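Encoded as structure tokens, the structure appears first; notes follow it.
Laboratory data are not the source of any read-out in this text; all were calculated from the coordinates shown. Worth saying up front: this structure is predicted, and the values here are computed from it rather than measured. Cβ placement follows ideal geometry from the backbone for every residue including glycine, while neighbour counts extend to all protein chains displayed.
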Amino acid sequence: MRMAVDHARSRGASCLQRTVRDEFIRHYEALLGDGLAQNPLPPPHGAPRRGRRKQSPVRTRLDRLWTSEHEALLFLDDFAVPFDNNQAERDLRMVKVQQTVSGTFCSDRGADAFCRIRSVCSTWRKQGRGASRAAPSSTPSPRPSPVTRLACTFRLEWLHTMVTQEML
């Protein structure tokens, strides 16, 4: 599926041909049907119990893929949607590293600031802009005070360090 989407995208198409897309969906549903058949629901225990029966992790994942078929295959219809979520995981990884290293954020305000800075860095990277070119535009304009200038310099140096370390 991914190779077909990449091939169609390289040819300049905005979506897959209807017949190709429908064949992929039929194949996807057949595979899920086979998986569900091989992983049936567990038999009920003697006395009736409240709540849902415990399923295996495989069965749970198959059910999720079955009920969320449209979301799982959205990349077939909309080429702007990536095949995987690797970029989203990369964007969140540094937040988890920061929490692990320091134990936690000192305040909600600090966590918010960290996430905003990471978001800006990620956006710049996706746009092909480096921190050294993009960051100076974030400094305050008309004649900042020496304290503000020092704080901005420190932030820019820290931002540049974070971006360059991440690119290594």
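Net charge dipole, segment 2-77: roughly 480 debye, given to the nearest 20, about the Cα centre with Cβ charges of +1 for Lys and Arg and -1 for Asp and Glu. When Lys and Arg each count +1 and Asp and Glu each count -1, what net charge do the other residues less than 13 Å away from ARG52, Cβ to Cβ, add up to? With Lys, Arg at +1 and Asp, Glu at -1, the neighbours total +4.
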